[in-house]
Amino acid sequence: MESVIVSSAAGVESSAPGWINSLMDTLGAPGAGIAIALENLFPPLPSEVILPLAGFAASSGQMNLIAVLIWTTAGSVIGALALYGVGAMLGRDRTVAIAAKLPLLKVADIERTEAWFAKHGAKAVFFGRMIPIFRSLISVPAGVERMSVPLFLGLTTLGSAIWNTIFVLAGYLLGENWEDVTGYVSTYSKVVLVAAALGVVAFVLVRLFKPGAGARRK
């Protein structure tokens, strides 16, 4: 088929990797779904580029909008389920064993995390699907804690559908200006990453200067 995606994206190749253009040009909506599944497994891949670009393709008639929404949500769920499986295979015992060998991290920290996830896990999975980077990583502790698979799938599907719909529709409505979306998401991602970095620094400082920081609960 004549590629509106590739031709219209000729000037934005720095934002959209060529293989993403080719995948969607060749397979259509299923190609967008595959790209999003890979984005879940490899977070550096740009969902903020894939989704608006797929929306633009739908606005230009290269894809069906509903098909794009269905396939990208399915891709998100498949990618998240794969990471859930990684967490389930890793299991609690291996997680604790790894944590026990890491500096500044105590087994008690893992236990507190488990307690927090047991209380807030559903909200973490749902809202985590709308936070860059963490939208992929949140599936791993869900697997470690063996969250009910139907519950995990339901929350992941709903959260992913909301996130994907926002960006696909943004690309659809903006048309050839779809790339404007990436600027806003880039700012949002930077704020999230800075907040996470500050959290890590605060954790390390507390561990270093808190009395008895060297003690480790067995």
Where residues in segment 65-91 are surrounded by 22 or more Cβ atoms within 10 Å (Cβ to Cβ) and closer than 18 Å to Ile20 by Cα, which of them is farthest from the chain's Cα centre (by Cα)? Val68
Can you tell me which condition Gln62 does not meet? The list is (1) polar (S, T, N, Q); (2) farther than 30 Å from Glu145 by Cα; (3) at pLDDT 75 or above; (4) part of a helix (DSSP H, G or I), and all the others hold. (4)
Report, by residue number, each residue of segment 1-37 that is farther than 13 Å from Phe56 by Cα, among the polar types (S, T, N, Q) and at pLDDT 75 or above. Ser22, Thr26
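Matching residues to (1) hydrophobic (A, V, I, L, M, F, W, C); (2) modelled with pLDDT under 70:
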residue: Pro132; (1), (2): no, no
residue: Leu137; (1), (2): yes, no
residue: Ala142; (1), (2): yes, no
residue: Gly159; (1), (2): no, no
residue: Phe167; (1), (2): yes, no
residue: Gly183; (1), (2): no, yes
residue: Ser189; (1), (2): no, yes
residue: Gly199; (1), (2): no, yes
Answer yes or no: is there a residue in segment 42-64 that is buried (at least 21 other Cβ atoms within 10 Å of the Cβ) and on the phi > 0 side of the Ramachandran plot. no
Sole miss for Ile110 among (1) surrounded by 16 or more Cβ atoms within 10 Å (Cβ to Cβ); (2) modelled with pLDDT of 75 or more is condition (2)
Here the qualifying pairs (Cβ atoms under 8 Å; residues six or more apart or on different chains; first in segment 28-41 and outside any helix (DSSP H, G or I); second buried (at least 21 other Cβ atoms within 10 Å of the Cβ) and modelled with pLDDT of 85 or more) come out as Gly28/Met63
Run down Gly171, Gly159 and say which single residue is closer than 24 Å to Ile66 by Cα, touching a residue at least 60 places away in the same chain (Cβ under 8 Å), in a helix (DSSP H, G or I) and touching a Phe, Trp or Tyr at 6+ places or on another chain (Cβ under 6 Å). Gly171
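The values are calculated or read from the model by the stated rules, or taken from the named source; none is laboratory data. Remember, it's a predicted structure, so these values are computed and weren't measured experimentally. No Cβ is skipped: glycine too gets one built from the backbone with ideal geometry, and neighbour counts run over all protein chains shown.
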